[in-house]
Each structure stands twice: as C-alpha cells, then as structure tokens.
Amino acid sequence: MERTLSIVKPDAVAAGNAGKIIALLEENLRPIAMKMMHLDRKQAEGFYAVHRERPFFADLCDFMTSGPVVIMVLEGENAIARYRELMGATNPAQAAEGTIRKQFATNIERNAVHGSDAPETAAFEISYFFSKLELHSRG
Ligand code: ADP
Ligand code: MG
C-alpha cells in the first residue's frame, strides 16, 4: 500500500475542472484526505523548494499562488507510479491520450495537476499539508 500527494492546480480549479479531475482520481485510487487552499508565497516556495534553482521557479510560484488549489492524498497499490501515469507528461504536448494533463493542461507550467514522484517526496509532500489526524486510511 502506498500514498501519494495530488494537487489540482489553480488553472484547473479556475476552469471549473476540479470535479472532473477528482472523479478520475477516484476511479483509479482511494482519496484519504482532501482540502482546498489558496497558497501564499512562502507555502508555495517551501513546497517546491527542490526546484528553487530552476529558471521557472519564480513563475511557478506566481502560478501556484494565483488561485485556490485542491490538495488530496491518494492511497493504493503502487499509487505513486499509477497516479504519475494517469497525470501524463509534464508538458501536455507530450502527454498520452486519456491522461489528465492531455485533457486539462494548458502548457508545461499550467499543467492542471501535481503528483509526487517517489516515496521520499510523497512522504515530505503529504506531511507538508496534512497532519496524521487528517489522514483517514480506508485500506
Ligand atoms: P512534474 O510536475 O511532472 O513532476 P517537475 O517536477 O519537473 O514536473 O516540475 C514541477 C512543475 O514545474 C511542473 O508540473 C510545471 O508546473 C512546472 N515546470 C516544469 N518544467 C517547466 C518548464 N520548463 N517551464 C515552466 N514550468 C515548468
Ligand atoms: Mg515533480
């Protein structure tokens, strides 16, 4: 059993696509926690700290603080890899047919969803947003 962190990003929430994306997540994995937040600068920078040296870091933080997001913890067998597959490539131009990013992303930055990429990052990201008491294991 594995857990991963999902964020429906501000572009997808603003476009009214959060519900459709959550439905897709629910068909594939078990949501065990969920909240809507409007991240402030510090919260976005802390979340994306691993990318702070990248040229797109400031733009990414502008984008991620531009409106509310929906943050979820998903649980399931092989949840990290399965959710990465369901999301599709970072750049929607390269995302496979049927993936969330193919359907809902605008470009490589405004790409509708976030998903953890490894067990260590999933653990950090889940604890960044949720306390133990907020995680309702349904396994
Ligand atoms: P992923 O979200 O697929 O794990 P990364 O971890 O590499 O991708 O990047 C984090 C986020 O930063 C991406 O989801 C996207 O919003 C943004 N991003 C990544 N690469 C670029 C880029 N070349 N230009 C602009 N934004 C980018
Ligand atoms: Mg990543």
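No lab work stands behind these numbers, since they all come straight from the coordinates. Source: prediction; values computed, not measured. Every residue, glycine as well, gets a Cβ built from its backbone with ideal geometry; the counts of neighbours run over all protein chains shown.
A DSSP coil position with no more than 10 other Cβ atoms inside 10 Å describes the following GluC sites (Glu not before Pro) in segment 3-79: Glu53, Glu77. Close amide H pairs (under 5 Å, H built 1.01 Å from N) link Asp117 with Ala122, residues at least 5 positions away or on another chain. Pairwise inverse Cα distances across segment 1-137, averaged and inverted, put the Kirkwood hydrodynamic radius at 14.8 Å.
Using the rule -39500 (n - 2.57) for each DSSP H run of four or more residues, divided by the residues of the chain, the 222 nm mean residue ellipticity is -11000 deg cm²/dmol. Residues in segment 28-44, backbone N under 18 Å from the label point at Thr121 (7 Å along the Cα-to-beta-carbon vector): list them, ranges by number please. Counting backbone N atoms under 18 Å from the label point, the list is 44.
Per the Cα gyration tensor, segment 61-121 maps to an equivalent ellipsoid with semi-axes of 19, 16, 10 Å, ordered largest to smallest. Work out the FRET efficiency for Leu133 and Glu97 from their Cβ-Cβ distance, taking R0 = 30 Å, and round it to the nearest 0.05. So, using R0 = 30 Å, E works out to roughly 0.15. Please compute the contact order of the chain in relative form: average sequence separation of alpha-carbon pairs under 8 Å and at least six residues apart, divided by the residue count, as a percent. Contact order relative to length: 38 percent.
About its Cα centre, the chain has a charge dipole of approximately 180 debye under the convention of +1 per Lys or Arg Cβ and -1 per Asp or Glu Cβ, with nothing else charged. Note that segment 43-52 has calculated 3J(HN,Hα) couplings of 5, 5, 5, x, 5, 9, 3, 4, 9, 4 Hz, one per residue in order, obtained from phi through the Karplus relation 6.51 cos²θ - 1.76 cosθ + 1.60 (θ = phi - 60°); glycine and proline are x.
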